[in-house]
Amino acid sequence: MTVSKRVLLLGTTGVSKQNAFDSLIAYRESVADDVSQLVYKDFERDYLKPLFNNQMPEFLDAAESHQQLRWNEGWVKLIADCRASQDVIFLGLHGVLVRELYGVRALAYIDRIREFAPTHIITLIDDVYLEHVATERRAGGLEYIGRPSLSQLIDARRAELLVGDLIRRNIEAATMLNNWLLAVRHPARVLDRIVFGTERLIPIYLSFPITGPRKMLRAGNGTGIEQVDDFLRKAADRERANRHLGLSSSLSG
């Protein structure tokens, strides 16, 4: 296994970067690979939250100057932990914060991100409705925990991708960095190919209408859905058999 990879995993609130990493571990174990050197660090959970008595709302509602001060304090500790490590480190990080008080806010310093020396930048996204379900479940009806609206989550997702692009364009690296946009529910092999693949990955985006087949199904005719499912199976089989492909899909209509 190649060591010393540094993977920056961006993703807004409601997107489980930990689950994406856990799925990657399970996938690599299934192909009999050694995963002992793969480590996941969550910046907000492991290095920022402890500075606020393990109360993230306290951090989210703090003055911006105080947020920045503490963000830098946590980052210094993170880099100290990473500097001597030969592990493959996946770092989960929020590129932006989303809060009703101030909307969307970015705290990350690009010069600080450079200290992590990312070899890969991946922005994870999820269906916005599922993100909303996750944040509502976490809040438990308590406003102070954080209950972003659907529109706030959409704005945050757009801003998160922009932050990833800004980081990519402003970090010097031995090789050209990409900011990969990846749906968190994609098969773990896609994330594996981005990070560990030996071939240049070609992204393939599939988009097709689903309204018609769903209307047919409600009318008792399942042939449209069967055709969509058959198409997806064939596309997945082709992607699975070709390690240089990265497959994404979208349902429209």
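Please report, in whole Å³, the volume per residue of the convex hull around the C-alpha atoms of the chain.
146
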**OP:** Could you pull out which residues in the range 96-140 have an amide N less than 14 Å from a spot 7 Å beyond the Cα of S149, following the Cα-Cβ vector?
**Re:** 99-104
**OP:** Over all alpha-carbon pairs in the range 35-87, figure out the percentage whose distance exceeds 18 Å.
**Re:** 36
Subject >> Mean shadow area of the range 3-68, taken as a quarter of the surface of its Cα convex hull (nm²) >> reply: 5.8
**OP:** With a 1.4 Å probe and all protein chains in place, put S23, S30 in order of accessible area, largest first.
**Re:** S30, S23
**OP:** Treat every Asp and Glu Cβ in the range 106-253 as -1 and every Lys and Arg Cβ as +1, leave all other atoms uncharged, and give the resulting dipole magnitude about the Cα centre to the nearest 20 debye.
**Re:** 280
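Once you charge only the Cβ atoms, +1 for Lys and Arg and -1 for Asp and Glu, what is the size of the charge dipole of the range 1-137 about its Cα centre, to the nearest 20 debye? Let's see the in-between values first.
Details: 15 positive and 20 negative charges, 78 e Å.
Dipole of the range 1-137, to the nearest 20 debye: 380 debye.
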Subject >> Rg/Rg_ref, the range 75-159, where Rg_ref = 2.2 N^0.38 Å and atoms are Cα >> reply: 1.30
Subject >> Among 75-86, 159-170, the order from most to least packed when residues are scored by Cβ within 10 Å on average >> reply: 159-170, 75-86
Subject >> Nearest-10 value in Å² for the accessible area of S207, using the 1.4 Å probe >> reply: 70
Original post:
When DSSP beta bridges are limited to those with both residues in the chain, what percentage is antiparallel, rounded to the nearest 5?
Top reply: 10
Original post:
Scaled to the compact-protein estimate 2.2 N^0.38 Å, what is the alpha-carbon radius of gyration of the range 147-227, rounded to two decimal places?
Top reply: 1.60
Original post:
What are the lysines whose alpha-carbon lies under 27 Å from the alpha-carbon of K49, with same-chain residues fewer than 8 places away excluded?
Top reply: K5, K17, K41, K77
Subject >> Under 13 Å from K234, Cα to Cα: aspartates and glutamates that are on another chain or at least 8 residues apart >> reply: E226
Subject >> Acute angle (nearest 10 degrees) that the helix 17-30 long axis makes with the longest principal axis of the chain, alpha-carbon atoms >> reply: 60
Original post:
From the residues G140, G212, L150, which one has its Cα farthest along the dipole of the range 99-253 in the positive direction, the dipole being from +1 and -1 charges on Cβ of Lys/Arg and Asp/Glu about the Cα centre?
Top reply: G212
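The values are calculated or read from the model by the stated rules, or taken from the named source; none is laboratory data. A quick note: this is a predicted structure, and the numbers were derived from the prediction, not measured. Note that we place each Cβ from the backbone using ideal geometry, even for glycine, and neighbour counts take in every protein chain shown. These area figures cover heavy atoms from the full protein model, side chains too; ligands, DNA and RNA do not enter into them. Shrake-Rupley method; radii C 1.70, N 1.55, O 1.52, S 1.80 Å.
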